[in-house]
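Note sheet for the following structure.
The values are calculated or read from the model by the stated rules, or taken from the named source; none is laboratory data. Quick caveat, the model's predicted, so the values are computed rather than measured. FYI the Cβ positions are ideal-geometry reconstructions off the backbone, even for glycines, and counts take in every protein chain you see. Please note that ligands, DNA and RNA were not included when accessible areas were found on the heavy atoms of the full protein model with its side chains. Shrake-Rupley method; radii C 1.70, N 1.55, O 1.52, S 1.80 Å.
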Amino acid sequence: DAKTTQPNSMESNEEEPVHLPCNHSTISGTDYIHWYRQLPSQGPEYVIHGLTSNVNNRMASLAIAEDRKSSTLILHRATLRDAAVYYCILRVGYNTDKLIFGTGTRLQVFP
Amino acid sequence: EAGVTQSPTHLIKTRGQQVTLRCSPISGHTSVYWYQQALGLGLQFLLWYDEGEERNRGNFPPRFSGRQFPNYSSELNVNALELEDSALYLCASSLTGNQPQHFGDGTRLSIL
């Protein structure tokens, strides 16, 4: 599975937008970009995923670069509950196999 | 809709003992995954079961094993416990295909 690179930590103020970057320069054409987050003392939680086009759901938006070598998870208005570790994961499209978690980005949200 | 449930939530064992962890997937999900989250090592894939069969396993010794029952629930068994087995054990389930995995809140296993 291709590798992803994320900043170790980021900070935001409540109600501000947050842009969490992810680099995946070795992505292949069949790799989907998945984002999960893990709140303290909980299991990981699915956030969003996409292949080529930008995606939106009730939790976040995913912006994918045209060359697909990077992507950005966008939280439109951060809340204190969004403080978590965010993982960017590449997953082969037809593969129902494991998720390979990196170290992720720890997001701190200040009131 | 009920999420993935795991039991017990916490467990304390001593070296050399055996342990069984349990997982109930979301209704309708046929795939179950097990992960280990040890301090400083991040989330590591352990096992994947689908339709009652083991489909893949991670880089763990054979004393880590499991099974999936006809109702798709699953057990993770760890024999001859070692101190480094202390970790949060997470179970996830998904529909077949490239669908998101949904995680339980894990079983915290402490080895004394």
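Set the Förster radius R0 to 41 Å, insert the Cβ-Cβ distance between A:R77 and A:L51 as r into 1/(1 + (r/R0)^6), and round the FRET efficiency to 0.05. With a Förster radius of 41 Å, E is 0.95. In chain B, Cα pairs under 8 Å separated by at least six residues give a relative contact order of 37 percent.
Taking all protein chains into account, the per residue accessible area for region A:7-111 stands at 50 Å² (1.4 Å probe). Between region B:1-61 and region A:55-85, what is the C-alpha centre distance in whole Å? With region B:1-61 and region A:55-85 each reduced to a Cα centre, they are spaced 28 Å. Rounded to the nearest 20 debye, the dipole magnitude of the protein assembly as shown is 320 debye, with +1 charges on Lys and Arg beta carbons, -1 on Asp and Glu beta carbons, and the Cα centre as origin.
For a label point 7 Å from the Cα of A:Q108 along Cα→C-beta, name the residues of region A:1-38 whose backbone N is under 15 Å from it. Zone members listed by number: A:8-14.
Gyration tensor analysis over the Cα atoms of region A:56-104 returns equivalent ellipsoid semi-axes of 22, 16, 11 Å (largest first, whole Å). Comparing the full protein assembly with the isolated chain (1.4 Å probe, heavy atoms, ligands and nucleic acids excluded), the residues of region A:36-83 losing at least 50 square angstrom of accessible area are A:P44. Leaving ligands and nucleic acids aside, the A/B contact buries around 1500 square angstrom of accessible area in total at a 1.4 Å probe radius. Taken over chain A, the convex hull of the Cα atoms encloses 94 Å³ per residue. Taking one quarter of the surface of the C-alpha convex hull of chain B gives a mean projected area of 6.6 nm². Protein heavy-atom surface of the protein assembly as shown, 1.4 angstrom probe: 48% of the accessible area is carbon and sulfur, with nucleic acids and ligands not counted.
For region B:14-87, what does the accessible surface come to per residue with a 1.4 Å probe? Please give it in Å².
Details: 3590 Å² over 74 residues.
On a per-residue basis, region B:14-87 sits at 48 Å².
Cβ-Cβ distance of B:S7 and A:K3, R₀ of 35 Å, FRET efficiency by 1/(1 + (r/R0)^6): the value works out to about 0.50.
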